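Okay, structure first, notes after.
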Amino acid sequence: MKQSFLKKHILKAICLLGLISSLGILFTSNKSKPATTGAIKTRVSNCIEDFKKDLSRLKKVAEKEKSAKSINQKLIVARARYKQMEAYIGYFSPALEKDIIGANIPIIKTDVKRADVSTPHSLQVIEELLAEDSVDYATIVQECLLVEKSVIEWQKQWNKLHLESREVFEANRSELIRISTLGITGFDSPVLQLSLEEAKIALSVMEKDLANYSAFLPTTDQMKNVSKQIQHCMNQLDGQDFDSFDRMAFLREGTMPLYASLLDLHKATGFETIDEIGTRNLPFNYQSRNLFDEDFLNPLYHSRYKTGEQAEASADLGQMLFFDPVMSSDGKRSCASCHKPELGFTDGETKSMAFGNESRVKRNSPTLINCAFQSSFFHDMRAENLEEQMVHVVVSPEEFNTDLNEISEKLRKSPEYIQLFKNAFPTYHDERAVNPITIQESVASYVRSLTALNAPFDQYMRGETNEIDEQVRHGFNLFMGKAGCGTCHFAPIFNGTVPPYYTDTEGEILGVPVAMDSLVLDPDRGRGSIFVAQDQHPALEFMFKTPTIRNAELTAPYMHNGGLSTLEEVMEFYNNGGGKGMGLDVPDQTLPEDKLNLTKEEKSAMIAFMKSLTDTSGLRGRPKKLPAFPVDSLNERVAGGEY
């Protein structure tokens, strides 16, 4: 069912019923030359009405005809219609976007103490229900009704909305990121693999909507250029097979140049940009021109402190504190004890050394490089920002075994430290600059400065070099396509922070074994262990944050327990379908259990791609000396700690 229907029906149906429909609207609209946002409001409103009719037809077939093949055909039409308004529903209502086309996994809303887990209802749920050996038509009918309910809510929001021209550009640039990161990976169409053809639909309506702004440009050349680039992207997608599609070329030669051109077009119209309308802290830099630019994401977005004032002085101070064992109660271990610069800010251990140097904690140390670009910290995601994460470490009996007040008292005994704190926090004029809040902020500022996004892969994707190893190209295309890695490790950080808005970080249930050669599930419950009994849920059991694969070459061993020793073992684990695919009892595993059937050459190519993401350039590592104390014995402490 999963594949036999595809070749014969899907491409034909989606092109005829979806793409031609959207182009028909384009031709009609150009004749009447409607005005900017009003034309777009009308187009999307008509699309919503048609989408509701598509859902009604789908439901009717499920009720009466009860033919999986016929339902699939109706589903394809409905999905094509949805793609004609995806840019706007994603921009204005991400929650409803999930309810209409979201992944078929439990929806988890959590804070530190509570968890709210709900069942998903979406077109993707219907897609997966149709792939079952025995199709539950009654459930499909119910799913149609629930999706329709979400569409009606979206319609109410859209009708009330005053659409601004700047939002048209912002929504369409976000849609381009969605296509580049989620669309080409099959993220929202895992069974039917409609993503490439549906990307053409989204691009076609993008061209139509932007064409409304031709009158605001000094000449027609700029709009013609954008239209030409959109057509080039569509040509790249035309007739492509999902597994063999060259995603690297599509991004480098297609969507990324277009992303830059849309920014230029927005500015040329004279409409303000989102970063010009206030001081709102955004997760991304709207002025960035490429997904792989070093400044594409904002390292301060997930910070407790949203401004960059005195950031450099604060990070300099934080560097000293990070490597200073005075931070621990025995004066022998520092943050760098478990986060060594030469090991990609990990410690190379299966499980990290505990306080006292005689035992181990239950997990290993994840890399800190690029960790600013995530909304949760620790493997179990229990901290919401770096400042909070630091407090957990300080007070833990297994780590620093102290508290921030005690550390503050010790640091105030150093005139050199007092001056560093005053430089970093000039609102203080004496030793009160040294306090728990400024300590947290300084260490967090240093860790946040550990961004490294200038790997050979990045340079190629930005067009700064024209050479890339063909094995790296092949590995990236597999990662973002056939192997499905890009549906959890999202570009550009290749971690769990979800595009196109990068506000939330996801975790996954993989079924990690004790070791690669073991058929025993690691007993660590991960995220499931941090909630009180009434908030526990199977969807949280054995869940761990999705880490970045950047610098993976430096950060062995892998997984929260160090159970996989090499990248080759990591590839084999995923190739086998995770723990469940290996035969372990993992009922709520979010990783598909189907074997990937990757060849030895394909696995090697993917490892080559991961190694192309290695970059530690420009990171501030171990300081040459630590601030002095009046007590000579303290001045003998070792930067980085003794263990």
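The values are calculated or read from the model by the stated rules, or taken from the named source; none is laboratory data. Being a predicted model, the structure only gives us computed values, none of them experimental. FYI the Cβ positions are ideal-geometry reconstructions off the backbone, even for glycines, and counts take in every protein chain you see.
You will find that of 142, 193, 124, the residue that is under 26 Å from residue 509 (Cβ atoms), surrounded by 22 or more Cβ atoms within 10 Å (Cβ to Cβ) and not charged (D, E, K, R) is 124 and no other.
Scanning for something modelled with pLDDT of 95 or more and surrounded by fewer than 17 Cβ atoms within 10 Å (Cβ to Cβ), does segment 295-311 turn up at least one residue? Yes, segment 295-311 contains at least one residue that is modelled with pLDDT of 95 or more and surrounded by fewer than 17 Cβ atoms within 10 Å (Cβ to Cβ).
Okay, residues lined up against (1) β-branched (Val, Ile, Thr); (2) within 22 Å of residue 290 (Cβ to Cβ); (3) assigned to a helix (DSSP H, G or I):
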position	(1), (2), (3)
158	no, no, yes
169	no, yes, yes
172	no, yes, yes
179	yes, yes, yes
187	no, yes, no
205	yes, no, yes
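Scanning segment 431-457 for residues that are small (Gly, Ala, Ser), touching an Asp or Glu at 6+ places or on another chain (Cβ under 6 Å) and more than 17 Å from residue 403 (Cα to Cα) turns up 452, 455. Scanning segment 324-381 for residues that are under 30 Å from residue 109 (Cα atoms), not aromatic (Phe, Trp, Tyr) and not in a loop (DSSP other than H, G, I, E, B) returns a single hit, 346. Close Cβ contacts (under 6 Å, 6 or more residues apart or on different chains) running from residues in segment 561-577 that are within 15 Å of residue 610 (Cα to Cα) to residues that are surrounded by fewer than 18 Cβ atoms within 10 Å (Cβ to Cβ) and of a type outside the set (A, V, I, L, M, F, W, C) are absent. Here is the figure for segment 532-562: residues that are part of a helix (DSSP H, G or I) and touching a strand residue (DSSP E or B) at 6+ places or on another chain (Cβ under 8 Å) total 5.
Please determine whether any residue of segment 449-471 is touching a Ser or Thr at 6+ places or on another chain (Cβ under 7 Å), under 29 Å from residue 543 (Cα atoms) and either of a type outside the set (D, E, K, R) or touching a residue at least 24 places away in the same chain (Cβ under 8 Å) (or both). Taking every residue of segment 449-471 in turn, at least one turns out to be touching a Ser or Thr at 6+ places or on another chain (Cβ under 7 Å), under 29 Å from residue 543 (Cα atoms) and either of a type outside the set (D, E, K, R) or touching a residue at least 24 places away in the same chain (Cβ under 8 Å) (or both).
Regarding segment 527-538, can at least one residue be identified that is surrounded by fewer than 22 Cβ atoms within 10 Å (Cβ to Cβ), closer than 25 Å to residue 572 by Cα and hydrophobic (A, V, I, L, M, F, W, C)? Within segment 527-538, none of the residues are surrounded by fewer than 22 Cβ atoms within 10 Å (Cβ to Cβ), closer than 25 Å to residue 572 by Cα and hydrophobic (A, V, I, L, M, F, W, C).
Could you check, for segment 122-133, whether at least one of its residues is without any contact (Cβ under 8 Å) to a residue 12 or more places away in the chain and farther than 20 Å from residue 178 by Cα? The answer is no, given that none of the residues of segment 122-133 is without any contact (Cβ under 8 Å) to a residue 12 or more places away in the chain and farther than 20 Å from residue 178 by Cα. No other residue among 460, 417 is in a helix (DSSP H, G or I), aromatic (Phe, Trp, Tyr) and within 26 Å of residue 332 (Cα to Cα) apart from 417. Can you confirm whether segment 586-600 contains a residue that is outside the structural domain of residue 347 (by TED's automatic domain parsing), surrounded by fewer than 19 Cβ atoms within 10 Å (Cβ to Cβ) and either among the polar types (S, T, N, Q) or in a strand (DSSP E or B) (or both)? So far as segment 586-600 goes, yes, one or more of its residues are outside the structural domain of residue 347 (by TED's automatic domain parsing), surrounded by fewer than 19 Cβ atoms within 10 Å (Cβ to Cβ) and either among the polar types (S, T, N, Q) or in a strand (DSSP E or B) (or both). Look through 250, 187, 271 and report the one residue that is aromatic (Phe, Trp, Tyr) and more than 27 Å from the chain's Cα centre (by Cα). Answer to the check: 271. So is residue 24 more than 29 Å from the chain's Cα centre (by Cα) and either within 20 Å of residue 176 (Cα to Cα) or modelled with pLDDT of 50 or more (or both) or not? The answer is no for residue 24. Please name all residue pairs, on different chains or six or more residues apart, with Cβ atoms under 7 Å, provided the first residue is in segment 421-445 and is of a type in the set (Val, Ile, Thr) and the second residue is outside any helix (DSSP H, G or I) and surrounded by fewer than 23 Cβ atoms within 10 Å (Cβ to Cβ). So the pair list comes out as 434/412; 438/425.
No other residue among 74, 109, 83, 98 is under 26 Å from residue 488 (Cβ atoms) and buried (at least 22 other Cβ atoms within 10 Å of the Cβ) apart from 83. Are any of the residues in segment 509-530 part of a loop (DSSP other than H, G, I, E, B) and under 20 Å from the mean Cα position of the chain (by Cα)? Checked segment 509-530: at least one residue is part of a loop (DSSP other than H, G, I, E, B) and under 20 Å from the mean Cα position of the chain (by Cα).
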